[in-house]
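The values are calculated or read from the model by the stated rules, or taken from the named source; none is laboratory data. Model, not experiment: these values are computed from the prediction. Reconstructed Cβ throughout: ideal geometry from the backbone, glycine too, with neighbour counts over all protein chains shown. Areas reflect the complete protein model, heavy atoms only, side chains present, ligands, DNA and RNA absent. Shrake-Rupley method; radii C 1.70, N 1.55, O 1.52, S 1.80 Å.
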Amino acid sequence: MIPGTFDYHRPTTVESAVALLLQLGEDARPLAGGHSLIPLMKTRLSAPEHLVDLAAIEGLRRLEHVGDHVVIGAMTTQHAVINSTLLTDLVPILRETALVIADPQIRYKGTIGGNCANGDPGNDMPALMQCLGASYQLTGTGGHREVSARDFYLGAYETALAPGEILTEIRIPVPPAGHGYGYEKLKRKVGDYATAAAAVVITMAAGTCTSASIGLTNVSETPLWAAEAGRILVGSTLDAATVNAAVAAAEAITNPASDMRGPAEYRTKMAGIMLRRALERARVRATV
Amino acid sequence: MTKSHIKVTINGKAVEALVEPRTLLIHFLREQQNLTGAHIGCDTGHCGACTVDMDEMSVKSCMTFAVQANGAAITTIEGVANADGTLSALQEGFRMMHGLQCGYCTPGMILRAHRLLQENADPTEDEIRHGIAGNLCRCTGYVNIVKAIQYAAAKINGTPYQEAAE
Ligand code: FES
Ligand code: FES
């Protein structure tokens, strides 16, 4: 399978990349790891006339602890996320999630920014970013703006990105020390997108849940932040009745498609099961 | 569409070429460089038969444009043997442990295992299996591939080879 013809651009600064994207308009696509875009181009489902490769922009590989946040440059690969001691110490759920994305080869090339910005409901990082309360720095020719991951996704492949804008950085508030976390993904095989997946971050104090945040992957046109389910857990001991109520609240907001991964009813139930498992793991991991 | 001028190092040799931007790395290697060791199994990014080593990453060359490799150092199966022409530890491992049957997946398996052992010199069976999760083999059932990688790790580390528990 051979893609259609296109011109290749390899800018070295964010400024030149966004200027190019704006100037070339709809015929241009930014290229990060390429493992979502290139398959589409090979089957000619996508035929951009210009690719703007972001790989040579050094500034997009930042990985830093700044105050109470970690800042991750958009071109940071999943492989780099997995091997970062900084991230593994401060936000270990990032590593747990990156490890269930695709396969080793794809994780060397696949980037966290591409995963978050593409708007594919099957991507794993978006629901995690919603769970963590992350925000995205979007950069255009006019400068930067900040959009919460919880507001970024408008529909399948529809995001808050304006024409000519790219996602340049992700800022994640560092969860409190001793927090519990879990990312649980049901997939048919290595490399598959989730049938359903759940991200959970909680804090506990003296056996009582003091905060809870839940994200759900691939059970709607967009990633889902299950705010109500999280609220239900707070103040409880994570007893069975409360967990059941939270799971029901999470299932209620899902709206999955029936596809080769299963009928919608099944995928909704699996979202509930993934939430239960992720929550249980988070509970065991939470100290205090 | 304008062709792009690229410079790459392939198996230690500097190469300059003109490529169409849409040329995939696998086609560049196989058709322009006559390096037919890396195989096209699926052409969809699933099987790993096209795996090559590029700047210390295992990449699927059917999912990478040759222009993206500009400036990179690439190793293919043709560049894996020892300098004196003898088999590398991994090649020897695949031979000794019957890590191949039809051999179609083998170049990709060996290149992937090469990077895995660079990053983790003494992997457990579990780590090997997760490490080669992006490479499909339709023949062996993977048991002998795992043994081949363990054999190579032991040889490189100078430790006795221990067979994987089955
Ligand atoms: S041919 Fe590249 S992954 Fe199968
Ligand atoms: S030996 Fe035949 S596919 Fe692996």
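Name the single residue that is surrounded by the fewest Cβ atoms within 10 Å (Cβ to Cβ) among those in region B:131-145 being within 11 Å of chain A (Cβ to nearest Cβ) and assigned to a loop (DSSP other than H, G, I, E, B). I'd like the intermediate steps shown before the answer.
Quick first cut of region B:131-145, residues within 11 Å of chain A (Cβ to nearest Cβ) only: B:131-136.
If we keep only those that are assigned to a loop (DSSP other than H, G, I, E, B) too, we end up with B:132-136.
On the way: B:132: 27, B:133: 17, B:134: 24, B:135: 27, B:136: 20.
My answer is B:133.
Can you find a residue that is modelled with pLDDT of 95 or more, within 16 Å of ligand 2 (Cβ to nearest atom) and not assigned by the TED database to the domain that holds residue B:151 anywhere in region B:17-37?
Within region B:17-37, the subset modelled with pLDDT of 95 or more is B:17-37.
Add one more test, that the residue is within 16 Å of ligand 2 (Cβ to nearest atom), and what stays is B:37.
Now drop any that are not not assigned by the TED database to the domain that holds residue B:151, which leaves B:37.
Yes, region B:17-37 has at least one match.
How about region A:108-172: which helices (runs of 4 or more DSSP H) wholly inside it have at least 2 residues that are over 30 Å from residue B:115 (Cα atoms) and either open to solvent by 30 Å² or more (accessible area, probe 1.4 Å) or among the hydrophobic types (A, V, I, L, M, F, W, C) (or both)? Even if it seems obvious, please write down each step before you answer.
On the way: elements: A:112-117, A:125-132, A:149-152.
Counting at least 2 such residues, we get A:125-132, A:149-152.
Scan B:24, B:18, B:35, B:29 and give me the residue that is open to solvent by less than 20 Å² (accessible area, probe 1.4 Å), more than 10 Å from ligand 1 (Cβ to nearest atom) and not acidic (Asp, Glu).
On the way: B:24 fails: more than 10 Å from ligand 1 (Cβ to nearest atom); B:18 fails: open to solvent by less than 20 Å² (accessible area, probe 1.4 Å); B:35 fails: open to solvent by less than 20 Å² (accessible area, probe 1.4 Å).
The conditions single out B:29.
Working only within region A:1-29, note down all residues that are within 14 Å of another protein chain (Cβ to nearest Cβ), open to solvent by 50 Å² or more (accessible area, probe 1.4 Å) and either under 26 Å from the mean Cα position of the chain (by Cα) or of a type outside the set (S, T, N, Q) (or both).
Narrowing region A:1-29 to residues within 14 Å of another protein chain (Cβ to nearest Cβ): A:1-12, A:24, A:27-29.
Then drop every residue that is not open to solvent by 50 Å² or more (accessible area, probe 1.4 Å), which leaves A:1-2, A:5, A:10, A:12, A:27, A:29.
Of everything in region A:1-29, those that are within 14 Å of another protein chain (Cβ to nearest Cβ), open to solvent by 50 Å² or more (accessible area, probe 1.4 Å) and either under 26 Å from the mean Cα position of the chain (by Cα) or of a type outside the set (S, T, N, Q) (or both) turn out to be A:1, A:2, A:10, A:12, A:27, A:29.
Condition test on residue B:101, is it of a type in the set (S, T, N, Q), within 16 Å of ligand 2 (Cβ to nearest atom), over 16 Å from the mean Cα position of the chain (by Cα) and over 23 Å from residue A:109 (Cα atoms)? It would help to see each step written out before you state the result.
Details: of a type in the set (S, T, N, Q): yes; within 16 Å of ligand 2 (Cβ to nearest atom): yes; over 16 Å from the mean Cα position of the chain (by Cα): yes; over 23 Å from residue A:109 (Cα atoms): yes.
It is true that residue B:101 is of a type in the set (S, T, N, Q), within 16 Å of ligand 2 (Cβ to nearest atom), over 16 Å from the mean Cα position of the chain (by Cα) and over 23 Å from residue A:109 (Cα atoms).
Can you tell me which residue within region A:35-67, out of those that are basic (Lys, Arg) and either closer than 21 Å to residue A:136 by Cα or under 22 Å from the mean Cα position of the chain (by Cα) (or both), is nearest to the other protein chains (Cβ to nearest Cβ)? Show your work before the answer.
Within region A:35-67, the first condition is being basic (Lys, Arg), and the residues that meet it are A:42, A:44, A:61-62.
Subset that is either closer than 21 Å to residue A:136 by Cα or under 22 Å from the mean Cα position of the chain (by Cα) (or both): A:61-62.
Working: A:61: 14, A:62: 19 Å.
For region A:35-67, the residue satisfying everything is A:61.
Could you list, in sequence order, the residues of region A:68-102 that are within 11 Å of another protein chain (Cβ to nearest Cβ) and open to solvent by less than 10 Å² (accessible area, probe 1.4 Å)?
So in region A:68-102, the residues within 11 Å of another protein chain (Cβ to nearest Cβ) come out as A:77, A:79-80, A:82-83, A:99-100, A:102.
Within region A:68-102, none qualify.
Spot the failing condition for residue B:60; the list is (1) among the charged types (D, E, K, R); (2) without any contact (Cβ under 8 Å) to a residue 24 or more places away in the chain; (3) within 20 Å of residue B:106 (Cβ to Cβ), and only one is missed.
Unmet for residue B:60, out of (1) among the charged types (D, E, K, R); (2) without any contact (Cβ under 8 Å) to a residue 24 or more places away in the chain; (3) within 20 Å of residue B:106 (Cβ to Cβ): (2).
Mind checking which helices (runs of 4 or more DSSP H) fall wholly inside region A:226-288 and carry at least 3 residues that are open to solvent by 60 Å² or more (accessible area, probe 1.4 Å)?
Filter on region A:226-288 gives A:240-253, A:264-285.
Name the strands (runs of 3 or more DSSP E) wholly within region B:1-77 that hold at least 2 residues that are facing another protein chain (nearest Cβ under 9 Å)?
On the way: elements: B:4-10, B:13-19, B:51-54, B:57-60, B:73-75.
Filter on region B:1-77 gives B:51-54, B:57-60.
Run down B:110, B:128, B:149 and say which single residue is open to solvent by less than 30 Å² (accessible area, probe 1.4 Å), over 26 Å from residue B:22 (Cβ atoms) and touching a residue at least 40 places away in the same chain (Cβ under 8 Å). Give the derivation first.
Numbers: B:110 fails: touching a residue at least 40 places away in the same chain (Cβ under 8 Å); B:128 fails: touching a residue at least 40 places away in the same chain (Cβ under 8 Å).
Testing whether each residue is open to solvent by less than 30 Å² (accessible area, probe 1.4 Å), over 26 Å from residue B:22 (Cβ atoms) and touching a residue at least 40 places away in the same chain (Cβ under 8 Å) leaves just B:149.
Select from region A:83-95 the residues that are touching a Lys or Arg at 6+ places or on another chain (Cβ under 9 Å) and either outside any helix (DSSP H, G or I) or of a type in the set (D, E, K, R) (or both) and list them in ascending order. Explain how you work it out, then say what you get.
Restricting attention to region A:83-95, the residues satisfying the condition of being touching a Lys or Arg at 6+ places or on another chain (Cβ under 9 Å) are A:83-84, A:87-88, A:92.
The answer is A:84, A:92.
Any idea which of A:249, A:205 is touching a helix residue (DSSP H, G or I) at 6+ places or on another chain (Cβ under 9 Å) and farther than 19 Å from residue A:95 by Cα?
Numbers: A:205 fails: touching a helix residue (DSSP H, G or I) at 6+ places or on another chain (Cβ under 9 Å).
Within the list A:249, A:205, the selection yields A:249.
Condition (residue is buried (at least 24 other Cβ atoms within 10 Å of the Cβ) and within 14 Å of ligand 2 (Cβ to nearest atom)) applied to region B:50-65: is it met by at least one residue?
yes
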